[in-house]
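Undergrad: Could you have a look at this structure, given as structure tokens, before my questions?
What follows draws every value from the coordinates through simple rules; no lab data is involved. The shown structure was predicted, so the numbers you read here are calculated from the model rather than taken from an experiment. Positions of Cβ are backbone-derived with ideal geometry, glycine not excepted, and every protein chain shown enters the neighbour counts.
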Amino acid sequence: MAQKQENAKPWGGRFSRSTDDFVETFTQSVSFDQRLYPYDIMGSIAHVRMLARVGVLTEAEAGEIRQGLVAIESDIEAGRFTWEPALEDVHMNIETALVERIGEVGKKLHTGRSRNDQVATDLRLYLRDEIRTVLDISTGLMDALLDLAEREADTIMPGFTHLQTAQPVTFGHHLMAWYTMLSRDAARLIDCHSRTNVMPLGAAALAGTSYPIDRAYTAELLGFAGVTQNSLDAVSDRDFAIEFCATAAILMMHLSRFSEELVLWMSQQFGFIDLDDAWCTGSSIMPQKKNPDIPELCRGKTARVYGDLQALLVLMKSQPLAYNRDNQEDKETLFDAVDTVKACLLAYCGLVPGIQVNRHAMLEAARTGYSTATDLADYLVTKGIPFRDAHAVVGQAVQFAIQQDLDLSELKLSDLKGFSDVIEDDVFAVLTPEGSVAARDHTGGTAPARVLQAIHAARQDCQQLKQWLEEKA
Ligand code: ARG
């Protein structure tokens, strides 16, 4: 029987004084890492099953520990569990509760492991789940975009470069550009999942353990695709968290771009779209206002996720091997990135189906700003004029039209002929926005038929993502 310790912590044996109150508050992480409890318990159960299999624990001991952990999990879920900041973190809270519940045998749980490999394992189990959730919500948004794009496949709007009217495009094509960004995010999430789904358990504190552990068995129980290959790296590596934050930051950057466009399009000056009343808010002073606060918040929350990525990069910068307590700071950061990206994706899932499209305003805008000037140049090329010359000729025609306050299609044939005598009556077909988009009829082009083709291919890609999610469920 051990002597009474001066310091009651699970690690208090070598201490002759109890921990300062300030230090307890400063070092605790249980206020935020308690959300890891399902993974901590899952990891512990797999660990003891492995220990029993290799003969370090008896099956009876492992069974008792397992039952104790399952009971603790129900207590936590039922709100019957008291988290003690004095016990630092989720790991020591659960281990201490286990000993209180099942007695001496509970003290065998921590055989052959350390909180260093434990927390790295918990974090990977947690993130693995969250990556699947983020991807699941993403596919919902991708579906919503595909539905809207299909509906608006031949809706004409101005396309912009430098936010100046450039050439007509279809709204479906524009929405498919958004979709394409999200599909790259999905690929990055899956890639990040593959490096997250590797088990550090067995690295123990940093050097491995002297027990005859069977890491492959524990990994199999936890559904990990493999085990880490270097114990020092295993306890210190947080690349997977950084990769997730980088992926999330890019995804948020995309949402911020969608947001910017929605906000612009909903303005009185554009008037291209309206958002559902249930997804907008009003002003406390201006009675007429209906504001796009949801996209604005998504745009704003992008900043948080960039900050999370930056925080993790700086956290890991120059850290010597192996585990350092600095790494406790990874959690709130990672959790914030996960929570924010999920919330914003959910916001978009709710927002997109309620986008009301003002097709008339979009078409009218596409008719102005000389958006078909390139088509006129291309027309001249078909009549044998080199493109650079055609460009100059059309430039003069546009200048003339601006002076007359007319669109190119409103110029008389005789006026057009003044710029180039190869112009005939058939020119007016290419000067319409409809003719312009229909002519861009190749892979990746804006012609309505190509947009529908792209949507069809995208639906198949989405199906594959969903299949991946099902396989990993
Ligand atoms: N709460 C700690 C963390 O989040 C767990 C690991 C603590 N390890 C240690 N040697 N103090 O990183």
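Undergrad: Counting pairs of Cα atoms in segment 349-415, how many percent are more than 13 Å apart?
TA: 70 percent
Undergrad: May I pose another question? Counting only DSSP beta bridges with both residues in the chain, what percent are antiparallel, rounded to the nearest 5?
TA: Of the beta bridges lying entirely in the chain, close to 80 percent run antiparallel.
Undergrad: Moving on to the next point. Can you give the percent of C-alpha pairs in segment 257-309 whose distance is more than 17 Å?
TA: Cα-Cα pairs of segment 257-309 separated by over 17 Å account for 42 percent.
Undergrad: What do you get for Rg/Rh of segment 47-91 when both radii come from the Cα atoms and Rh is the Kirkwood radius?
TA: Using only Cα positions, Rg/Rh for segment 47-91 is 1.11.
Undergrad: With θ set to phi - 60°, apply the Karplus curve 6.51 cos²θ - 1.76 cosθ + 1.60 along segment 456-473 and write out the HN-Hα couplings as whole Hz, x wherever there is a Gly or Pro.
TA: Rounded to whole hertz, the list is 4, 5, 5, 4, 5, 4, 4, 4, 5, 4, 5, 5, 4, 4, 5, 5, 8, 5.
Undergrad: Another one. Using θ = phi - 60° and the Karplus curve 6.51 cos²θ - 1.76 cosθ + 1.60, what whole-Hz ³J(HN,Hα) does each residue of segment 59-69 get, with Gly and Pro shown as x?
TA: For segment 59-69, the Karplus curve yields 4, 5, 5, 4, x, 4, 4, 4, 4, x, 5 Hz.
Undergrad: With θ set to phi - 60° and the Karplus curve 6.51 cos²θ - 1.76 cosθ + 1.60, what are the ³J(HN,Hα) couplings of segment 259-274 in order, to the nearest whole Hz, using x for Gly and Pro?
TA: 4, 4, 5, 4, 4, 4, 5, 7, 5, 4, 5, 8, x, 6, 9, 10
Undergrad: In whole angstrom, and with the biggest value first, how far do the Cα coordinates of segment 382-467 range along each principal axis?
TA: Here the spans come out as 60, 28, 20 Å, largest first.
Undergrad: Here's something else I'd like to know. Just from its helices, what would the mean residue ellipticity at 222 nm be for the chain, if runs of 4 or more DSSP H residues each count -39500 (n - 2.57) and the sum is divided by every residue, rounded to the nearest 500 deg cm²/dmol?
TA: Value at 222 nm, helices only, nearest 500: -20000 deg cm²/dmol.
Undergrad: Trypsin sites (Lys or Arg not before Pro), restricted to segment 376-473: which are DSSP loop and have at most 16 other Cβ atoms within 10 Å?
TA: When the trypsin sites (Lys or Arg not before Pro) of segment 376-473 are filtered for loop state and at most 16 Cβ neighbours within 10 Å, LYS383, LYS412 remain.
Undergrad: Also, I was wondering about something else. With N set to the residue count of segment 198-330, report its C-alpha Rg divided by 2.2 N^0.38 Å to two decimal places.
TA: 1.63
Undergrad: Which FRET efficiency, nearest 0.05, do ALA449 and VAL398 yield, Cβ-Cβ r, R0 30 Å?
TA: Efficiency, from the Cβ-Cβ distance: 0.55.
Undergrad: What residues qualify as long-range amide H neighbours of GLY159, i.e. H under 5 Å apart, gap of 5 or more or another chain, H built at 1.01 Å from N?
TA: ALA166, GLN167, VAL169
Undergrad: Calculate, axis by axis, the spread of Cα positions in segment 55-195 along the three principal axes, and write the results as whole Å, longest axis first.
TA: Computed over the Cα atoms, the extents are 76, 30, 30 Å.
Undergrad: Follow-up question, since we're still on this one. When the C-alpha atoms of the chain are aligned to their principal axes, what extent does each axis show, in angstrom, from largest down?
TA: Here the Cα extents, ordered largest to smallest, are 108, 52, 39 Å.
Undergrad: Separate question: Give the dimensionless ratio obtained when the Cα radius of gyration of segment 291-420 is divided by 2.2 N^0.38 Å.
TA: 1.95
Undergrad: Moving to a separate point now. With all distinct Cα pairs included, what does the Kirkwood hydrodynamic radius of segment 29-68 come out to in Å, to one decimal, could you say?
TA: Averaging 1/r across every pair of different Cα atoms and inverting gives 10.8 Å.
Undergrad: Next up: Among PHE272, VAL305, PRO287, flag the residue with its Cα farthest along the positive direction of the charge dipole of segment 271-324, charges on Cβ as +1 for Lys/Arg and -1 for Asp/Glu.
TA: VAL305
Undergrad: Inverting the mean 1/r over all pairs of different Cα atoms, compute the Kirkwood radius of segment 201-252 and quote it in Å.
TA: 12.6 Å
Undergrad: If you filter segment 214-306 for GluC sites (Glu not before Pro), then keep DSSP loop positions with at most 10 other Cβ within 10 Å, what is left?
TA: Within segment 214-306, no GluC sites (Glu not before Pro) qualify (loop, at most 10 other Cβ atoms within 10 Å).
Undergrad: Would you pull out the residues with amide H under 5 Å of ILE273's amide H, same chain only if 5 or more places away, H placed 1.01 Å from N?
TA: Result for ILE273 returns MET266, ASN358.
Undergrad: What percentage of all Cα-Cα pairs in segment 232-291 are separated by more than 15 Å?
TA: It works out to 68 percent of all Cα pairs.
Undergrad: In terms of modelled amide H atoms, which long-range or inter-chain residues lie less than 5 Å from the amide H of ASP407?
TA: none
Undergrad: A further question on this structure: Based only on Cα atoms, what mean projected area does the convex hull of segment 296-359 have, in nm²?
TA: 5.6 nm²
Undergrad: In cubic angstrom, how much convex hull volume per residue do the alpha carbon atoms of segment 167-254 span?
TA: 100 Å³
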